[in-house]
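See structure below.
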Amino acid sequence: MSAIEMSLEHALALYRTMARIRAFENAAEEASKGGVAAFGASLAQAKVRGPLHLSTGQEAVAAGVCAQLRTDDLLTSTHRGHGHTIAKGASIERMMCELFGRATGYNGGKGGSMHIADFSIGMLGANGVVAAGIPIAVGAAHALRLRGGDALVACFFGDGAINRGPFLEGLNWAGIHRLPVLFVCEDNRWSATTETGAMTAGEGALARAQAIGVPGVAVNGNDVFAVDAAAAALSAQIRADGAPRFLHAVTYRIKGHVSVDAAAYRSHDEVARALEQDPLELAAIRIAALGGERAALAAIDAQAQAEIAAAVAAADAAPWPAQSAAYTDIQDTGAERWRD
Amino acid sequence: MSAIEMSLEHALALYRTMARIRAFENAAEEASKGGVAAFGASLAQAKVRGPLHLSTGQEAVAAGVCAQLRTDDLLTSTHRGHGHTIAKGASIERMMCELFGRATGYNGGKGGSMHIADFSIGMLGANGVVAAGIPIAVGAAHALRLRGGDALVACFFGDGAINRGPFLEGLNWAGIHRLPVLFVCEDNRWSATTETGAMTAGEGALARAQAIGVPGVAVNGNDVFAVDAAAAALSAQIRADGAPRFLHAVTYRIKGHVSVDAAAYRSHDEVARALEQDPLELAAIRIAALGGERAALAAIDAQAQAEIAAAVAAADAAPWPAQSAAYTDIQDTGAERWRD
Amino acid sequence: MARLSYVQAACNALHAVMQQDARVVTLGEDVGRGGVFGQYRGLQQAFGAERVIDTPISEATIMGAAVGMALAGLRPVVELRVVDFALCAMDEVVNQAAKARYMFGGQGRVPLVARMPIGLWRGSAAQHSQSLEAWYAHVPGLVVVAPATPQDNHGLLGAAIASGDPVIYMEHKELWGLEDEVDPTRIERLGVAALRRPGSDLTLVTWSRTLHDALAAAETAQDEGLSIEVIDLRTIWPWDREAVFASVQKTGRLLVAHEAVQAGGFGAEIAAATAEALGVPVRRLGAPRIPVGYAPPLEDAARVTPQAIVAAARELVGAPARGA
Amino acid sequence: MARLSYVQAACNALHAVMQQDARVVTLGEDVGRGGVFGQYRGLQQAFGAERVIDTPISEATIMGAAVGMALAGLRPVVELRVVDFALCAMDEVVNQAAKARYMFGGQGRVPLVARMPIGLWRGSAAQHSQSLEAWYAHVPGLVVVAPATPQDNHGLLGAAIASGDPVIYMEHKELWGLEDEVDPTRIERLGVAALRRPGSDLTLVTWSRTLHDALAAAETAQDEGLSIEVIDLRTIWPWDREAVFASVQKTGRLLVAHEAVQAGGFGAEIAAATAEALGVPVRRLGAPRIPVGYAPPLEDAARVTPQAIVAAARELVGAPARGA
Ligand SMILES: Cc1ncc(C[n+]2csc(CCOP(=O)(O)OP(=O)(O)O)c2C)c(N)n1
Ligand SMILES: Cc1ncc(C[n+]2csc(CCOP(=O)(O)OP(=O)(O)O)c2C)c(N)n1
Ligand SMILES: [Mg+2]
Ligand SMILES: [Mg+2]
C-alpha cells in the first residue's frame, strides 16, 4: 500500500499504536527512577528495576512493520523491545506487570523488560544479547516453512548489531535456505554510549545485507507511513517467494541508552534536531493532510494514557511471584534437583 | 610489478617456492597414511598423526602473496597452512620435525601441522578453528601501527570462513581503524565435504569485503604471477595508506579435506578439470615464454625433492620431546600447579 | 540385536526417531554427506534436505537457529563437530538455549540435542581434544549426557531427543569405531547410572571413554585382590546421586576418574557431594591442567590410563575406609 | 592512602600502569566515554584513541584482536562488559588466548587481562547475572582473579597486567560503588589468599561479593559463640591451597561459599581437594541450579545470604570435627 492510498482509518491505527508505545514507555521510565545501579544511579526501591531500554522516538518502526504482520507471523526482538511487543498485539497490562516483576506478567516475573515475550501472538521474546535474535529468527523461519503457508518472521535488531558475527551468519543462512524472514535494522544511530557510525565501515546495513544476498530497502524510520508501505511491499514479496528481505529504518534514540542514562556524551543540538522529527508529530501532520482531525488524535492520546494508567495500577496491585516459582520452568529432566 | 615486467629470476623464485611446498606436502601425505581415525581410516602408527590438511594445487596463492612480504610483516594462517609457512620463509626441516611431533620441531612437538608457527619470521601460527586467525591478524596490525613503519599483516583464510562471524567483525574492525591488513581469501571451492558455493549467499567474498569497507580484487589463484602482481599492488597500497585490502584468490583443493579423505563426494571430472590448471604447470609454461629452460625447473624440482628427503630423514631421526615438556609453556602464574 | 559400532548405533537411533516424529530435524556442517564421522550417513537421502539441513560454517547460527526452531515447535538435533568448535556458539547454548524457557516464564521451550563430541583423538592437539562436560553441568537448564557404549549411544540419543529440554550430547571421538551388540528396542532414561561391574572395596565412578579404562583397571586390580565397583554415570547432569551413594555406602570409598582436566572437572562435584553427604574418603583422577600436546609423549601425559586408575585405587584403599 | 570506590581504584590502577608501560592498551565497547560502569573514566583523554580503543559490538573480535596484539608484543586490557557477553568470545578465550603459548611451543605469549564482571545486579535477570569463574579455572593456560575490595581491585589489576599470562579478571557488578581506603603503592601477588578474619571453629573460604556476606555471617555467628575464620581467595586459579589447608588444619572444618551456582561451582574443587588431602568435614554453599529471575523474590532465591551462611556453618559444626 503506497502512502498515497493510505486510508484515514489505517493512518489512525498506526498513530494509535505509536501513542500506546509512547505512553507505555513514559510510564515505565517514571517507574524505573533509581532502579539501576549503572550510570551512577543508586540502588533504590524503584518499581521497575534493572536496565530499562526505551524506544522513545523510534515508535514508527515498530508500528509500521508490525502493521503488516499477522498473528501467525513470528517476531524476535532486542533489549529495546517494548514497541515491537505492543505493536505485535500484546496486552499492555501484562507487559507492565512483567516490568514490575509481578506474577501476572507475561513471564511470571522471570524475565522483566529485557526478556518480555508473548508466544500466544508469535512474539518470541526480547533478548539481552545484541544480535542474538537474528539466528533465532532464522531458525523459527525453518519451522514456518516446514509447516507450510506464507507466514514470516520479523527480526528486529539495532544498528550496533550489524557489527556482530550473527548478522553475517544469519543473513547468509536465510539467503541460502530462502527463508521467510523480514530483517529490520532499527537504526537509531547509537550503540549504548557510542555513535555507531564511527564503528561501522563501508556503506552500512543495507549494503551489507545486499552483499550477503538479502535484498531490501532503506526508509525514514520516523515516518510511520513510509515504514508501513515499505514493510507492506517487502512482506508481500516474502510471502510470495519465501525468500528473505531487508528493511533499513533510520531513526533516532531520543532517550539515553537505559532509562537512567542522562546521555551527556552527545550534543543537545543533535537531540533537539531529532525531536523535530518526532514520529508522532510527523504522523499527526500527515493525518491532518488526510483529513483527520486533531481531536481524533487527542482522543487516542487520552485513551492511551488511561489505558496505561490502568495498567500501572494493576501492576502495582498485582502479587509478587511466590519464591517457589524460582524453581520451575527450568528443565524437566532433573527438575527437582537444584542444589546438587 | 605487472606480469609483463616479471623477471625470469623472480619467476623462478616463485616456481621454487611452489615446488618446495608441493614436495613438502607430498612427503607429509605419505607419512600420514593411516594416521587419522576419521573418514574410516584406522589408528595405525603413522609418522604424522591426526588431521593433515594439504594445500596441493593451491601453492600459487601462498607463493604469490608471500613473495610480497618482508620478514617484518606478520602472517596468520589456517588449518591448511604449510604453504603459507614455507612461503614466508620457514625452515622445511623444522616444519617436518613438527609434523613428526619431534622435540626439534618449531613447536617442540606441541602443535603439529594445525598449529605450526615460526614467530622468528612473523608467522604467527596456523589455527585449528576456521576464521579464528582473522581477529588475531587485526590485533597484530594494531601492534604494528603503534610501533610505526609500514609493515603489514597478511591474513589467510578459506572460502568457508567467510560465513563465520569473525569475517564480518574482523573486516569491519580493520576498516574503521584503518589497519594494515592484507586479507587473503584462499577460495578452493570446498569446505570439508561441502561445496562452499551452495552455502554462500550473494556475490561472494569480494563483494562482502567491499560492502564492509575493505576494497580489493579477485585473481586467478592458480596463476602465481597474477597472484604475485595483485599482492604487489595491494601491499603497496596498504604500506602507503595503512588501510586494509582484500585479495580473493580462486583456486581448487586437489586433495581431500584431510590427507586420508578420498573425497568420494565430488566428481572425478571436477578434479580432472582442476588438474589441468595445476599452478606449477601453468608457471612452467609462462617461464618457458619468458625464456626459462625446462632444465632449470627440473633442477629446482630435484633440489626441492632432495631438501625434503633430508628433512624427512632428519625428522625421523630426531628425538621425541621429553614427557616433562608437557608441563611447560602453559602459564607462569601457578606454573607448578597442574594437578589441583 | 545387531552388532553395531558406536557411531552407527547413534545413526540408527536418529533415523528411527526421524521416521516417527516429523518435528525432528538435523542441522550442521557436512550432514548431507553423512557427517565427517559418519553419524548422519544416509539421513539426507532418507529425509531430504529440508529435514537434514546442510549449513555454512556458522556455529553460532547453527545453535541459534536450532533455538529458534525449537521455540517454534521443532525438535532439532544439532551437529557441532566437536566441543572445541561449540565454543563458537556459547552465547547460543548458555544464554539462549538454556535460559529461554525460564526467562519467558515457561511460554516457550527448547527441546534440542546439541551433539558436541569430546575427548582426545590421537594427534589432534590442543584445539580438538577437550572434554568440557563440567561447564554444562554448571549451567541451569541444560542436561548433559556422555554415552560410553554403542547400546547407550542408541538408547540415550533417543531419550535425549524425547526429553523436551536442551541436552548437551557428548560422544567420544575415540569411541566411534567401538562395536558391540545393540538392542534397538531398549529404552533408556536420562539421569540413570549403570553399574558396569560389582565390587566391594571401592566405588569407581566414571563416564565416556574412561569407562573402558576403568573396567580394564578393575580387572587388573582384581588380580591384586582389590575389588572395584564400576559405575558408568552416563548422564553427567542430573547425575545419579542415589546410585553413587548406595554404592559408596557399601564400599566406603569413592574414586572418580575422567578424561577432562581434573581441576574444576565434574569429578570435583561428585567427590565434594559425596564427602559432604557421607564423610567417606574420596579421590579424583583427571587430566593434569595442561593443554593437549600433539606429540605422543605429550598427548599421553594428558591421558588417564588404567595403570593410573589402579594406582589411585590402591592409594585410596590404603587410606582407612570410613562410613561403611 | 585515599578513599576510593572499587571502580575508581581499578581505573586509577589502569591509569598508572598505562603511564608506565607503553605496551599496555585498552580496548572494548564504550571505553572512550569511560565505560558504562566508569572503569575507564578519563583514560582516552589521557592516552588517546590509539591506546584506549573504541570498538564495535564485536566481542569475538575484541578478544581475538587482543590475542593478536599480545602475540605481537602489546599488553591489552580487554573490556567485555559482563561475563555473560564474554560467552560471545569463548573460542577466542579458550582456544586461542589460553592455548597459544603452549600450542606454539612457547614461541609466543598472550599477556592480556580480560575484564568480565560477574554476579547479580539487581533486576538484571538471567542474561546479566552469571558467575562463571569455575569455567575458566578448568581451562589450562588461564589465571582467574576475583577481587572483593577497592584495595584488591587496585593491586590485583596491576598484578594481572604485569603477569604475562592471560588473566580472566572478574569484578563484581554490585561492588562498583563500594568505598574504602586504598594504598596505591601496595603491590599484590596473584595466587595469594587473604585472611580477612581469624577464627577457630571452622574455615570459611569465599571470594568476590560473597566475602562481605561472609564477614557479616561471621559477626553474627560470633554472637552465638561460633568462631569463623574467613579466607578471601582473591585468585580462583591458582587457588591458595597452602593458606586454605593451613587454616583447615587449625579449625578442622571447611565451608566454601560463593555466589555462582553450587553444582559444578569452584567450591566443589576446593571441597574435594580438601576432603582428599585432609579428610575433614566439608560443606559448600552456592546458588541453586536455577537461572536468575527478574522479580525480587525470584532473584533473592539465587542469592547466598549471611543467614544461609550462618546456617550452613552451624550445621557443619554440628558434625564432629576431625583432623584438627
Ligand atoms: C553481545 C552484547 N554485547 C554488548 C552488550 C551491551 N549492550 C546492550 S545494548 C548495546 C547497544 C546496542 O546497540 P544497538 O544494536 O544499536 O541497539 P540500540 O540499543 O541502539 O537499540 C550494548 C553494547 C550486549 N547486550 N550484548
Ligand atoms: C569453527 C570451526 N568449525 C568447523 C571446523 C571444522 N573444519 C575444519 S576445516 C573446515 C572447512 C574449512 O573450509 P575453508 O574455510 O574453505 O578452508 P579449506 O579447508 O578449504 O582450506 C571445517 C568445517 C573448524 N575447524 N572450526
Ligand atoms: Mg542503536
Ligand atoms: Mg575451502
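Bear in mind that the values in this text are calculations on the coordinates, not laboratory data. No experiment lies behind these values; they were computed from the predicted model shown. So basically every Cβ, Gly included, is an ideal-geometry build from the backbone, and we count neighbours across all protein chains shown.
Here are a few things to note about the model shown:
- Residue-averaged beta-carbon neighbours from other chains (10 angstrom radius) around D:275-286: 5
- Applying the Karplus relation 6.51 cos²θ - 1.76 cosθ + 1.60 with θ = phi - 60° to the range A:46-58 yields 3J(HN,Hα) values of 6, 6, 10, 10, x, x, 10, 9, 9, 9, 3, x, 10 Hz, where x marks Gly and Pro.
- For the pair B:GLU276 and C:GLU181, a Förster radius of 56 Å applied to the C-beta separation gives a FRET efficiency near 0.65, rounded to the nearest 0.05.
- Relative contact order, whole percent, for the range C:2-182 stands at 27, derived from Cα pairs under 8 Å and 6 or more residues apart.
- Taking every DSSP bridge with both residues inside the range D:141-278, close to 30 percent are antiparallel.
- The local environment of B:LEU12, defined by Cβ-Cβ distances under 14 Å, has a net charge of 0 under the rule Lys, Arg +1 and Asp, Glu -1.
- Evaluated at q = 0.07 Å⁻¹: base-10 log I(q)/I(0), Debye formula over Cα of chain A: -0.28
- Annotation for A:GLU336, label-to-label distances across the other copies: 4.9 nm (shortest first, one decimal, point 7 Å from Cα along Cα→Cβ).
- Mean separation of Cα contacts under 8 Å, 6 or more apart, over the residue count of chain A: relative contact order %: 23 percent
- Centre separation in Å (Cα based) which lies between the range C:78-141 and the range A:220-269: 34 Å
- Chain D: angle of helix D:306-318 to the longest principal axis, Cα-based, in degrees nearest 10: 50 degrees
- For D:TYR40, B:TYR265, the sequence from fewest to most other C-beta atoms within 10 Å is B:TYR265, D:TYR40.
- Chain C, helix-only ellipticity at 222 nm - DSSP H runs n ≥ 4, -39,500 (n - 2.57), divided by all residues, nearest 500: -10500 deg cm²/dmol
- Here the scattering of the range C:194-317 is modelled by Debye summation over its C-alpha atoms, one equal scatterer each and no solvent; at q = 0.13, 0.14, 0.20 Å⁻¹ the log10 of I(q)/I(0) is -0.46, -0.53, -1.07.
- Likely footprinting exposure, B:ASP150, B:ASP261, A:ASP329, fewest C-beta neighbours within 10 Å first: B:ASP150, B:ASP261, A:ASP329
- In this rough spin-label picture, where each label sits 7 Å from Cα along the Cβ direction, the A:ALA298-D:ALA22 distance is 6.9 nm.
- Across the copies of the chain, B:ALA262 has label points (7 Å from Cα along Cα→Cβ) spaced 7.3 nm apart, shortest distance listed first.
- Ranked for footprinting exposure by Cβ neighbours inside 10 Å, fewest first, B:TRP338, C:TRP237 give B:TRP338, C:TRP237.
- Note on the range B:175-292: percent of Cα-Cα distances in each 5 Å bin, starting at 0 and stopping at the bin with the largest distance, equals 2, 10, 17, 18, 17, 15, 12, 7, 3, 0.
- Helix D:241-251 axis, angle to chain D major axis (alpha carbon atoms, nearest 10°): 20 degrees
- Cross-linked pairs B:LYS110/B:LYS255; A:LYS47/A:LYS110; A:LYS110/C:LYS99: Cα-Cα separations exceed 18 Å for B:LYS110/B:LYS255.
- Residue-count net charge about D:LEU27 - beta-carbon cut-off 12 Å; Lys, Arg +1, Asp, Glu -1: -3
- Taking amide H as placed 1.01 Å from N in the peptide plane, B:GLY216 has its amide H under 5 Å from the amide H of B:PHE246, each at least 5 places away in sequence or on another chain.
- Overall, the protein assembly as shown carries a charge dipole of about 900 debye about its Cα centre when +1 sits on the Cβ of Lys and Arg and -1 on the Cβ of Asp and Glu, all other atoms neutral.
- Residue with peak Gaussian network fluctuation, chain A [Cα springs, cutoff 10 Å], from A:ALA211, A:ALA103, A:ALA233: A:ALA211
- Excluding same-chain neighbours fewer than eight residues apart, no lysines are reachable from D:LYS250 by a Cα-Cα span under 27 Å.
- The mean number of partner chain beta-carbon atoms within 10 angstrom of a residue's beta-carbon across peptide C:151-163 is 0.
- Relative contact order %, chain D, counting alpha carbon pairs below 8 Å whose residues are six or more apart: 16 percent
- The peptide list C:290-297, B:272-279, put in order of mean Cβ contacts within 10 Å with the highest first, becomes C:290-297, B:272-279.
- Where rotation carries A onto B, the chain A residue whose Cβ is nearest that axis, in whole Å: A:GLY165, 1
- Residues whose placed amide H lies under 5 Å from that of D:ARG196, excluding near-sequence neighbours: D:VAL230, D:ILE231, D:ASP232
- Listed peptides D:59-72, C:241-254, C:108-121 appear in the order D:59-72, C:108-121, C:241-254 once ranked by packing, highest mean of other Cβ atoms within 10 Å at the front.
- Averaging 1/r across all pairs of distinct Cα atoms in the range D:2-182 and inverting the result yields a Kirkwood radius of 16.0 Å.
- In nanometers and ordered shortest first, the copy-to-copy spacing of the A:GLU9 label point, defined 7 Å from Cα toward Cβ, is 8.5.
- The local environment of C:PRO111, defined by Cβ-Cβ distances under 10 Å, has a net charge of +2 under the rule Lys, Arg +1 and Asp, Glu -1.
- Shape of chain D, Cα gyration tensor, a/c cut at 1.5: prolate
- Close amide H pairs (under 5 Å, H built 1.01 Å from N) link C:THR55 with C:GLY28, C:GLU29, C:ASP30, C:VAL31, residues at least 5 positions away or on another chain.
- Share, in percent, of DSSP beta bridges within chain A that are antiparallel, nearest 5: 10 percent
- Residue-averaged beta-carbon neighbours from other chains (10 angstrom radius) around C:73-86: 2
- Max mean-square fluctuation residue, GNM over chain C, Cα-Cα springs under 10 Å, options C:ASN12, C:ASN153, C:ASN95: C:ASN95
- Global geometry of the range C:132-238, whether rounded, prolate or oblate, following the gyration tensor of its Cα atoms and the 1.5 cut on a/c: prolate
- From phi via Karplus (6.51, -1.76, 1.60), per-residue ³J(HN,Hα) for the range C:82-94 in Hz, x at Gly/Pro: 8, 4, 4, 7, 4, 4, 6, 10, 6, 4, 5, 6, 8
- Calculated over the protein assembly as shown: convex hull of Cα atoms, volume per residue (Å³): 157 Å³
- Relative packing of B:72-79, C:307-314, which averages over residues the other C-beta atoms within 10 Å, highest first: B:72-79, C:307-314
- Rounded to whole Hz, the Karplus (6.51, -1.76, 1.60) HN-Hα couplings of the range D:174-182, x for glycine and proline: 8, 9, 3, x, 4, 10, 6, 6, 10
- Cα-based shape type of the range B:233-295, given that a ≥ b ≥ c are square roots of the gyration tensor eigenvalues and the cut on a/c is 1.5: oblate
- Note on chain B: GNM, Cα springs under 10 Å; of B:GLY101, B:GLY170, B:GLY292, the largest mean-square fluctuation is that of B:GLY292.
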